[in-house]
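For reference, the structure discussed in these notes is given below.
The values are calculated or read from the model by the stated rules, or taken from the named source; none is laboratory data. Quick caveat: nothing in here was measured; it's all calculated off a predicted structure. Quick reminder, even Gly has a Cβ in these numbers, built from the backbone with ideal geometry, and neighbours come from all protein chains shown. Only protein heavy atoms, including side chains, enter the accessible area calculation; ligands, DNA and RNA are left aside. Shrake-Rupley method; radii C 1.70, N 1.55, O 1.52, S 1.80 Å.
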Amino acid sequence: MSDYAIDITDLKKTFDGKEFVLKGIDLKIPKGSLTAIIGFSGTGKSVMLKHILGLFKPTSGTVRILGTDLSTMDDNELTKFRCNYGVLFQSAALFDDMTVLENVCFPLEEHRRTLQKNQIIQIAQTKLKMVGLDPKHFNKLPSEISGGMQKRTGLARALALDPGIIIYDEPTTGLDPILTEMVDDLILQTHKLNQGTTSVMVSHDLSAAFRIADFIVMLDAGKVLLAGTAQDFFKSDIELVQRFVTKGMKHQ
Ligand SMILES: Nc1ncnc2c1ncn2[C@@H]1O[C@H](COP(=O)(O)OP(=O)(O)OP(=O)(O)O)[C@@H](O)[C@H]1O
Ligand SMILES: [Mg+2]
């Protein structure tokens, strides 16, 4: 069994057959780690995440997740396999016409059909409490709670199936500084509370990446420019890394 939750080898991707968006990504993310993926806009972060989720197929190269090569699975198997992921995008993407509690029950009703209704509700309540949502909000609609609470609800829903890998794509983009810090802390807390879970966060927010991540991976023009600890980034003499680090430090 592989010690890597995510093991990507020489991943290349072109959409039009001419220009390569990913130009040979090699990346190993250890199980149980919190990894931040950083890099300038348009460098391929989201495209790489979509390969990790099996939503895009590589032009060449392999993506192994929790020891399984995604290319060996058909669409049905992939759909089932995606229960291993919890995903939180920039928008919490909640169902507007469902209450907070119903939103978190939803994946359990879809994928844990052997559970009784009261067991499902109990799990959903536990997840909502884990992300710090007060039970008095459980029966409200998303429109009736604050943006921060919506994020918490989205995270509780992402955690519902006890995923081995949690993926955050720009979880704090567009939020005010206080909410940003709250969401970053929430990601760190969630990571610590769910021992063994691998967390991967794409972020523009460098100070958050340096503060909470075990490993940082910087992409540039479809390749990994540097992968390492915060220390490795501070010590690096790659000019682009230095520029990114200095820019990020100003936020702190
Ligand atoms: N479905 C697609 N079809 C064609 N090109 C795409 C597709 N998705 C992404 N691209 C291209 O791939 C490149 C990388 O995009 P990607 O979304 O991965 O950037 P990113 O690093 O996530 O940027 P940002 O920080 O702005 O989110 C861009 O040039 C984009 O136009
Ligand atoms: Mg992106």
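More than 15 Å from ligand 1 (Cβ to nearest atom) and either of a type in the set (Gly, Ala, Ser) or under 24 Å from Val183 (Cα atoms) (or both): does that describe Asp96?
Against the criterion (more than 15 Å from ligand 1 (Cβ to nearest atom) and either of a type in the set (Gly, Ala, Ser) or under 24 Å from Val183 (Cα atoms) (or both)), Asp96 qualifies.
Does Leu226 fit the bill of being among the aliphatic types (A, V, I, L, M), open to solvent by 20 Å² or more (accessible area, probe 1.4 Å) and assigned to a strand (DSSP E or B)?
It is true that Leu226 is among the aliphatic types (A, V, I, L, M), open to solvent by 20 Å² or more (accessible area, probe 1.4 Å) and assigned to a strand (DSSP E or B).
Please identify the pairs in which a residue from region 7-29 that is more than 15 Å from Leu226 (Cβ to Cβ) has its Cβ atom under 6 Å from the Cβ atom of a residue that is in a loop (DSSP other than H, G, I, E, B) and hydroxyl-bearing (Ser, Thr, Tyr), counting only partners at least 6 apart or on another chain.
The qualifying pairs are Lys12/Thr59; Lys13/Thr59; Thr14/Thr59.
Among helices (runs of 4 or more DSSP H) lying entirely in region 1-116, which contain 2 or more residues that are farther than 30 Å from Arg243 by Cβ?
The helices (runs of 4 or more DSSP H) meeting that bar are 75-81, 100-111.
Among (1) polar (S, T, N, Q); (2) assigned to a helix (DSSP H, G or I); (3) surrounded by fewer than 20 Cβ atoms within 10 Å (Cβ to Cβ), which single condition is Thr173 missing?
Only one criterion in (1) polar (S, T, N, Q); (2) assigned to a helix (DSSP H, G or I); (3) surrounded by fewer than 20 Cβ atoms within 10 Å (Cβ to Cβ) is unmet by Thr173, namely (2).
For His191, only one of the following conditions fails: (1) touching a Ser or Thr at 6+ places or on another chain (Cβ under 6 Å); (2) modelled with pLDDT under 90; (3) under 24 Å from Arg64 (Cα atoms). What is its number?
(2)
In this structure, is Val21 in contact with a Leu (Cβ under 8 Å, 6 or more places away or on another chain) and crowded, with 17+ Cβ neighbours inside 10 Å?
Taking the combined requirement at face value, the residue does not satisfy it.
Does region 28-37 contain at least one residue that is over 19 Å from the mean Cα position of the chain (by Cα), within 16 Å of ligand 2 (Cβ to nearest atom) and β-branched (Val, Ile, Thr)?
No - not one qualifying residue is present in region 28-37.
Restricting attention to region 179-221, report how many residues are within 16 Å of ligand 1 (Cβ to nearest atom), in a loop (DSSP other than H, G, I, E, B) and more than 23 Å from Ser91 (Cα to Cα).
So the count comes out to 1.
Here are Leu188, Leu155: which of them is within 20 Å of the chain's Cα centre (by Cα) and surrounded by fewer than 19 Cβ atoms within 10 Å (Cβ to Cβ)?
Step by step, each of Leu188, Leu155 is checked, and only Leu188 is within 20 Å of the chain's Cα centre (by Cα) and surrounded by fewer than 19 Cβ atoms within 10 Å (Cβ to Cβ).
Only one of these conditions is not met by Lys13: (1) modelled with pLDDT of 95 or more; (2) more than 15 Å from ligand 1 (Cβ to nearest atom); (3) of a type in the set (Lys, Arg). Which number is it?
The single condition Lys13 does not satisfy is (2).
What is the residue count in region 229-243 for residues that are open to solvent by less than 20 Å² (accessible area, probe 1.4 Å), in contact (Cβ under 8 Å) with a residue 12 or more places away in the chain and either outside any helix (DSSP H, G or I) or closer than 28 Å to Ala158 by Cβ (or both)?
1
Starting from region 37-65, take each residue that is on the phi < 0 side of the Ramachandran plot and list its partners that are of a type in the set (Phe, Trp, Tyr), counting only C-beta distances under 6 angstrom and pairs at least six apart or across chains.
Matching pairs, first to second residue: Lys50/Phe56.
Looking only at residues that are of a type in the set (D, E, K, R) and within 15 Å of ligand 1 (Cβ to nearest atom) in region 44-93, which one is surrounded by the fewest Cβ atoms within 10 Å (Cβ to Cβ)?
Going through region 44-93, the residues of a type in the set (D, E, K, R) turn out to be 45, 50, 57, 64, 69, 74-75, 77, 80, 82.
Now drop any that are not within 15 Å of ligand 1 (Cβ to nearest atom), which leaves 45, 50, 57.
Numbers: Lys45: 21, Lys50: 14, Lys57: 11.
Among residues in region 44-93 that are of a type in the set (D, E, K, R) and within 15 Å of ligand 1 (Cβ to nearest atom), the one surrounded by the fewest Cβ atoms within 10 Å (Cβ to Cβ) is Lys57.
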